[in-house]
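Here is the structure we will look at, set down as structure tokens.
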Amino acid sequence: MRTARKLPAKPEKILVIDLAMIGDLLCATPALAALRAAYPSASISLMASDSSASILKYVPEIDEFFAIKKQAVFRSLVEFVAAVRMLAERKFGVVFLFHNSIGSALLARFAGIRHRVGYATELRGTLLTFPVALPLEKMHLVEQRLNLLRKVGLSAELQPPRLSVDKEKALEIIARLLPDLNRDKPVLGVAVGSTWQTKIWPSGKIKAFLEKLPVGSCSVVLLGGPGEEYLTEGLNIISVPVHNLVGKTTLDELTNMIAGCDVLVTPDNGPMHIAESLNKPVIALFGPTDPKLSGMLHEHGVHIQADTPCLCCLEKKCTYNKFCMDLIDEEAVCSKVLEMLKEKGR
């Protein structure tokens, strides 16, 4: 794969484009740390989708971020031209395209950014000055971004995603969201939803899991986004207090709420990646997706899967007679939660 020229030794202004959802976007933070280490004096900006961008306020390696409405930009010529002008006015010298779409490459090309680094997918190789062949072997989302940097000569060591949240401010936000939360008890976060229906742990299984928690052992906070409220029906139980924040938080509030949890139980979703980035103990429940490709890398993460031959099928609809997420044992999840709380002295 050709490269047109060498990257400048000391670029003044670097752009990163990553228009992915929250989880994938957080998987870019180790690469952002590597860029900061390689170019300590450069100004680093990141363009993200408006649905995910606000999480970037907790990424110290970047100097600024800005959001675009991805669907609008790539469906409207007016919006596309406006985005191109915005980039052109900032006069970036180098762009790293972590988002593997032809649209992001077109933005960089028409904005006149001289050095354009990205994977040569979707026939976009001619739009790049540093086209890198997409690896044939499957690799973790974090590793995929780091690999792109290595291919253009940058040092990029594998590490977990990281976010930096102010603990005192997090406590203030939590107190506003849940003024009656008993902070003397451990706080167990339970994220209920995901982007695919097949990733979700059924509500009946969540209820069975909650009912196994010892009486008074912790406070439970249900977490999720708008449209996931139906997943919390019937989850009010008597053994432990349950606080329902599903559909009631912004991304900023969700991040700070997770920062205040002692343990998080979650399927493969954005909250899982947020919790990992905050170095929180996480029990992640996997079925159709592969934890080796999109799971956690930090030492406080545990992946639980059922024993079924159809795991990691990547299907958004299940046609198998035994749904993998329904086979995850609530007793095993409960035991792991209590083990993690004990390790934390809670």
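Tabulated data for the structure shown
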| read-out | value |
| --- | --- |
| In the stretch 249-294, the residues that are under 17 Å from residue 312 (Cα atoms) and outside any strand (DSSP E or B) | 268, 269, 287, 288, 289, 290, 291, 292, 293, 294 |
| Those residues of the stretch 29-65 which are in a strand (DSSP E or B) and more than 18 Å from the chain's Cα centre (by Cα), in sequence order | 43, 44, 45, 64 |
| The stretch 8-22, subset of a type outside the set (Asp, Glu) and part of a loop (DSSP other than H, G, I, E, B), residue surrounded by the most Cβ atoms within 10 Å (Cβ to Cβ) | 19 |
| Options 123, 97, 107; residue that is within 19 Å of residue 144 (Cα to Cα) and crowded, with 22+ Cβ neighbours inside 10 Å | 97 |
| Criterion: in contact with a Cys (Cβ under 7 Å, 6 or more places away or on another chain), among the hydrophobic types (A, V, I, L, M, F, W, C) and surrounded by 17 or more Cβ atoms within 10 Å (Cβ to Cβ) - qualifying residue of 324, 334 | 324 |
| Long-range neighbours under 7 Å by Cβ, at least six apart or interchain, first residue of a type in the set (Asp, Glu) within the stretch 194-216, second surrounded by fewer than 20 Cβ atoms within 10 Å (Cβ to Cβ) and in a loop (DSSP other than H, G, I, E, B) | 211/237; 211/239 |
| Residue check, residue 311 of a type in the set (A, V, I, L, M, F, W, C) and outside any helix (DSSP H, G or I) | yes |
| Close pairs from the stretch 287-309: first without any contact (Cβ under 8 Å) to a residue 24 or more places away in the chain, partner among the small types (Gly, Ala, Ser) and in a loop (DSSP other than H, G, I, E, B), Cβ under 8 Å, at least 6 apart | 303/295; 305/287; 306/287 |
| Residue list for the stretch 66-89, filter: under 23 Å from residue 252 (Cα atoms), in a helix (DSSP H, G or I) and without any contact (Cβ under 8 Å) to a residue 24 or more places away in the chain | 71 |
| Checking residue 85 against (1) buried (at least 18 other Cβ atoms within 10 Å of the Cβ); (2) modelled with pLDDT of 95 or more, the condition it does not meet | (1) |
| Any pair with Cβ under 8 angstrom, 6 or more apart, that starts in the stretch 315-338 at a residue that is within 20 Å of residue 282 (Cβ to Cβ) and ends at one that is surrounded by 14 or more Cβ atoms within 10 Å (Cβ to Cβ) and among the basic types (Lys, Arg) | 325/199; 325/205; 328/205; 330/205; 330/212; 331/212; 334/212 |
| Failed condition for residue 176, given (1) modelled with pLDDT of 95 or more; (2) assigned by TED's automatic domain parsing to the domain that holds residue 98; (3) more than 24 Å from the chain's Cα centre (by Cα); (4) charged (D, E, K, R) | (2) |
| Complete set of residues in the stretch 110-120 that are in contact with a helix residue (DSSP H, G or I) (Cβ under 8 Å, 6 or more places away or on another chain) and either assigned to a helix (DSSP H, G or I) or surrounded by fewer than 20 Cβ atoms within 10 Å (Cβ to Cβ) (or both) | 110, 112 |
| Flag if residue 317 is under 29 Å from residue 145 (Cβ atoms) and of a type outside the set (A, V, I, L, M, F, W, C) | no |
| Matching strands (runs of 3 or more DSSP E) fully within the stretch 139-248 where at least 3 residues are farther than 24 Å from residue 295 by Cα | 242-244 |
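For (1) of a type in the set (Val, Ile, Thr); (2) out of contact with any Gly (no Cβ under 9 Å at 6 or more places or on another chain); (3) not assigned by TED's automatic domain parsing to the domain that holds residue 32, each residue gets a yes or a no:
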{"residue": "85", "(1), (2), (3)": "no, yes, no"}
{"residue": "114", "(1), (2), (3)": "no, no, no"}
{"residue": "128", "(1), (2), (3)": "no, no, no"}
{"residue": "131", "(1), (2), (3)": "no, no, no"}
{"residue": "142", "(1), (2), (3)": "yes, yes, no"}
{"residue": "145", "(1), (2), (3)": "no, yes, no"}
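The values are calculated or read from the model by the stated rules, or taken from the named source; none is laboratory data. What you see is a predicted model, and the numbers here were worked out from it, not measured in a lab. Cβ: placed from backbone, ideal geometry, glycine included. Neighbour counts: every protein chain shown.
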